[in-house]
Amino acid sequence: MKKIALQSSALCIVAISSAAHAQSSVTLYGIIDTGLAYVHNSGGHSTQITTMSGSLAGSRWGLKGSEDLGGGLKTVFQLENGFDPTNGTLGQNNRLFGRQAFVGISSDKFGTVTLGRQYDPIVDQVQPLTGDNYFGAIFAPPGDFDNYDNSIRINNAVKWVSPSWGGVTLEALYAFGGLAGSVGSGQTYSASAGYSSGSFSAAAGYMHIDYGNARLTTRPSGSADSLFNSAVNSAYSSARSVNSARVAGQYVISSVTLGAAYSFTQYNPDAMSSFSTSQKYQNASVFGIWQVLPTFSLGAGYNYTKTSGDSSAKYNMFSLGADYNLSKRTDVYAIAGYTHASGENGLGAAEAVVGSFDINSGSSSQAIAVVGLRHTF
């Protein structure tokens, strides 16, 4: 009897352990994307040939998982590292998990709340409806001044994502600046709403970034990364805050996807800024993607950017892309973009910049072409 009882107990422990294991999951994943690039007009030089990482998708590896807590609740987490495969260095200003690092609780009824370094709600809901979602940086506005290509992440963030209610999903985020004695300094807040039904999808959102009290810290600082990565907007890196509103929609017609987007972004000064009049950026974009074959797609896009306020510039940018899947996990691609700039950017004559590559041209025009290989795991 003792032997039977011991065997039964052992079987119960194994069954419980197996059930607990089945209710938890951890996934290792990643992307390696690198290619050969040609740049016409780079830093005042007419020709540059170099290797380039992340032209279609940022190279990364990560861990994500969940644990079922019962009653419709589960714990979720994600750690994601960005890196440059051309030289092995860490991305996102040398951060180990610079792309994402968060933990949270998910409810079937009430949605998901996460805490940590995360994307803002506009990136979650608006970006997937733009050309950037298909062909990456080459389809982003010059200099990514409105975070079209998620150049920034948000630290110290608390984010809520709703369940889908009849095709409608809501998101909200608040991030603490963390500066003692000045609670609002460095804070970020954002909200968005998205709708999807059949072939049509649309989303809109708003984000406010406070880049810190200049008497207490050096700008730009706070919960959000710096947006000032090229000559398109670097004259306004002393801005106290940035407000950005974006809207996008797309429609799928058989093998063709058509989309359009608009953004309004304002860089606001205070007494400590190097400029005194708010600088405004407006961007309108359109794109089309043709799924020629299940393994082959083509894309084209156009961005028009106009600035006003402290300075005035115009940017016309054209983008092309082609992608061919060698397998379910490996594809080869070719992308190209051209930008022409006119007017003033706050530092002098406006410089052309293609997409979010953030390569200052030193000229009124710039062209970039990349042939690359991407592998996912």
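If you filter the stretch 312-321 down to residues that are more than 21 Å from the chain's Cα centre (by Cα) and either outside any loop (DSSP other than H, G, I, E, B) or of a type in the set (Lys, Arg) (or both), you find that the one that is farthest from residue 368 (Cα to Cα) is 313. Residues that are more than 28 Å from residue 257 (Cβ to Cβ) and modelled with pLDDT under 95 do not occur anywhere in the stretch 52-63. Taking the numbered list (1) farther than 30 Å from residue 219 by Cα; (2) under 15 Å from the mean Cα position of the chain (by Cα); (3) buried (at least 20 other Cβ atoms within 10 Å of the Cβ) in turn, residue 128 passes all entries but (3).
Tell me, which residue of the stretch 189-206 that is under 16 Å from residue 258 (Cβ atoms) and hydrophobic (A, V, I, L, M, F, W, C) is surrounded by the fewest Cβ atoms within 10 Å (Cβ to Cβ)? Taking the candidates together, the pick is 200. Filter the stretch 207-265 down to the residues that are crowded, with 24+ Cβ neighbours inside 10 Å and among the aromatic types (Phe, Trp, Tyr), then identify the one that is farthest from residue 348 (Cα to Cα). Ranking the qualifying residues of the stretch 207-265, first place goes to 211. Listed conditions (1) assigned to a strand (DSSP E or B); (2) out of contact with any strand residue (DSSP E or B) (no Cβ under 9 Å at 6 or more places or on another chain) are all met by residue 94, apart from (1). Residues considered: 157, 193, 172, 137. Of these, the only one that is part of a strand (DSSP E or B), touching a helix residue (DSSP H, G or I) at 6+ places or on another chain (Cβ under 7 Å) and either over 18 Å from residue 264 (Cα atoms) or not polar (S, T, N, Q) (or both) is 172.
For (1) aliphatic (A, V, I, L, M); (2) more than 27 Å from residue 133 (Cα to Cα); (3) under 19 Å from the mean Cα position of the chain (by Cα), each residue gets a yes or a no:
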residue: 154; (1), (2), (3): yes, no, yes
residue: 160; (1), (2), (3): no, no, yes
residue: 163; (1), (2), (3): no, no, no
residue: 166; (1), (2), (3): no, no, no
residue: 169; (1), (2), (3): no, no, yes
residue: 180; (1), (2), (3): yes, yes, no
residue: 192; (1), (2), (3): no, no, yes
residue: 195; (1), (2), (3): no, no, no
residue: 200; (1), (2), (3): no, no, no
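Looking at the stretch 180-188, can you tell me whether even one residue there is surrounded by 24 or more Cβ atoms within 10 Å (Cβ to Cβ), of a type in the set (Gly, Ala, Ser) and more than 26 Å from residue 374 (Cβ to Cβ)? Checking the stretch 180-188: at least one residue is surrounded by 24 or more Cβ atoms within 10 Å (Cβ to Cβ), of a type in the set (Gly, Ala, Ser) and more than 26 Å from residue 374 (Cβ to Cβ). Would you mind stating whether residue 199 is at pLDDT 95 or above, over 30 Å from residue 302 (Cβ atoms) and among the hydroxyl-bearing types (Ser, Thr, Tyr)? For residue 199, the condition - at pLDDT 95 or above, over 30 Å from residue 302 (Cβ atoms) and among the hydroxyl-bearing types (Ser, Thr, Tyr) - is not met.
Name every residue in the stretch 337-377 that is surrounded by 24 or more Cβ atoms within 10 Å (Cβ to Cβ), outside any strand (DSSP E or B) and of a type in the set (Ser, Thr, Tyr), in order of residue number. Selection gives 356, 361. Comparison of 108, 144, 149 shows that the only residue that is among the acidic types (Asp, Glu) and surrounded by fewer than 20 Cβ atoms within 10 Å (Cβ to Cβ) is 108.
The values are calculated or read from the model by the stated rules, or taken from the named source; none is laboratory data. Since this is a predicted model, take the numbers as computed values, not measurements. Heads up, the Cβs are rebuilt from the backbone with ideal geometry, glycines too, and the neighbour counts pull from every protein chain shown.
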